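*Asks:* There's a structure below that I have some questions on.
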Amino acid sequence: MKRAFVYKDGKSHKFWWIDYSDCSFAVNYGKYGSIGKFELKEFDTEEDCQKEAEKLIRSKLKKGYAEDKNFNFLNRLYIDSDEYGLNPKTSHPRFSEHFSDEIYYSEGDEEAPFGSDEGHDALLSIFEAVRKNPNLDFLDFPRKLIEQDWDMEYIPVDTLDADEVKRMAADKEMDMIQSDMVTYATAFAQIKITGSISSELKERGIKAIKRLALIEGMPWSENEIQCKMIEDLQSFNFTVENSMLPTDCE
């Protein structure tokens, strides 16, 4: 269950929302119009979780917060808690609904979007960049991260011809692998944070997964995780024509 509350007086304007179900809850709070801070708490039982959530709600009401039943949970940016890592409750609602498989929250599976070192580091860098600039250009992010921060060569997917990919990989395999992992991690990250993805980044992400499969020598259609990621990206329909998304969080 999600409930949002707002506090406003002559000096401040703040928000606080909570999402509680099963044995955990997430809270997001801060200055109204900001991304705010995210926290997650887990409990031994669902009953304990609900009791603590209701206690916090009563505390906010006593402090003068008023419930906002029209709070827009969709037109917001979502960033995971540093302490707890990837979690559906600290992901955009469209992401947690559409990308429900556990691979999207894995921090150890090399093929998962954020499971490899490259994918995980890319996500953390995006979190940091989005806090500085909520209108981050996700489309250009992979190139900037790899070339400016990592001092490596970014190699976009210009072909999915198996022989040509194999020829290129003979000289630049590591650069290609880094480029592909960061590209599709960025595609999933844009949805995870904003709930939408640019049409071009979506296409690039799918191609990056397919090229990585060619580099590894196994068709993506025979790899369960890669096949799942491609199918889920293809079926995600909330796309925009540019990669810079205006939001309420500025």
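*Asks:* How many of the residues in the stretch 183-233 are touching a helix residue (DSSP H, G or I) at 6+ places or on another chain (Cβ under 7 Å), over 25 Å from D80 (Cβ atoms) and in a helix (DSSP H, G or I)?
*Replies:* 8
*Asks:* Where residues in the stretch 70-93 are open to solvent by 50 Å² or more (accessible area, probe 1.4 Å) and touching a residue at least 60 places away in the same chain (Cβ under 8 Å), which of them is farthest from G195 (Cα to Cα)?
*Replies:* Per the stated criteria, the residue is N72.
*Asks:* Continuing with this model, one more query. Identify all residues within the stretch 35-45 that are out of contact with any Pro (no Cβ under 9 Å at 6 or more places or on another chain) and either among the basic types (K, R) or assigned to a loop (DSSP other than H, G, I, E, B) (or both); write none if there are none.
*Replies:* Correct list: G36, K37, K41, F43, D44, T45.
*Asks:* In addition: How many of the residues making up the stretch 14-36 are crowded, with 16+ Cβ neighbours inside 10 Å, of a type outside the set (S, T, Y) and closer than 20 Å to T194 by Cα?
*Replies:* 10
*Asks:* For the stretch 158-182: of the residues being outside any helix (DSSP H, G or I) and of a type outside the set (D, E, K, R), which is least open to solvent (accessible area, probe 1.4 Å)?
*Replies:* Out of the qualifying residues, it is T159.
*Asks:* For the stretch 132-151: of the residues being part of a helix (DSSP H, G or I) and not aliphatic (A, V, I, L, M), which is surrounded by the most Cβ atoms within 10 Å (Cβ to Cβ)?
*Replies:* My answer is P142.
*Asks:* Kindly indicate whether any position in the stretch 44-56 is over 17 Å from R3 (Cβ atoms), within 16 Å of the chain's Cα centre (by Cα) and hydroxyl-bearing (S, T, Y).
*Replies:* no
*Asks:* Kindly establish whether S199 is small (G, A, S), more than 22 Å from I35 (Cα to Cα) and buried (at least 18 other Cβ atoms within 10 Å of the Cβ).
*Replies:* no
*Asks:* Shifting gears a bit: Filter the stretch 101-131 down to the residues that are open to solvent by 60 Å² or more (accessible area, probe 1.4 Å), farther than 19 Å from E216 by Cα and at pLDDT 95 or above and list them by number.
*Replies:* E102, D121, L124, E128, R131
*Asks:* Scan the stretch 207-237 for residues that are open to solvent by 40 Å² or more (accessible area, probe 1.4 Å), at pLDDT 95 or above and of a type in the set (A, V, I, L, M, F, W, C) and jot them down.
*Replies:* Of everything in the stretch 207-237, just one residue is open to solvent by 40 Å² or more (accessible area, probe 1.4 Å), at pLDDT 95 or above and of a type in the set (A, V, I, L, M, F, W, C), namely L214.
The values are calculated or read from the model by the stated rules, or taken from the named source; none is laboratory data. None of the values given here were measured: they were computed from a predicted structure. Here Cβ is always computed from backbone atoms with ideal geometry, including for glycine, and neighbour counts include all displayed protein chains. Calculation scope for accessible area: heavy atoms of the full protein, side chains included, ligands and nucleic acids excluded. Shrake-Rupley method; radii C 1.70, N 1.55, O 1.52, S 1.80 Å.
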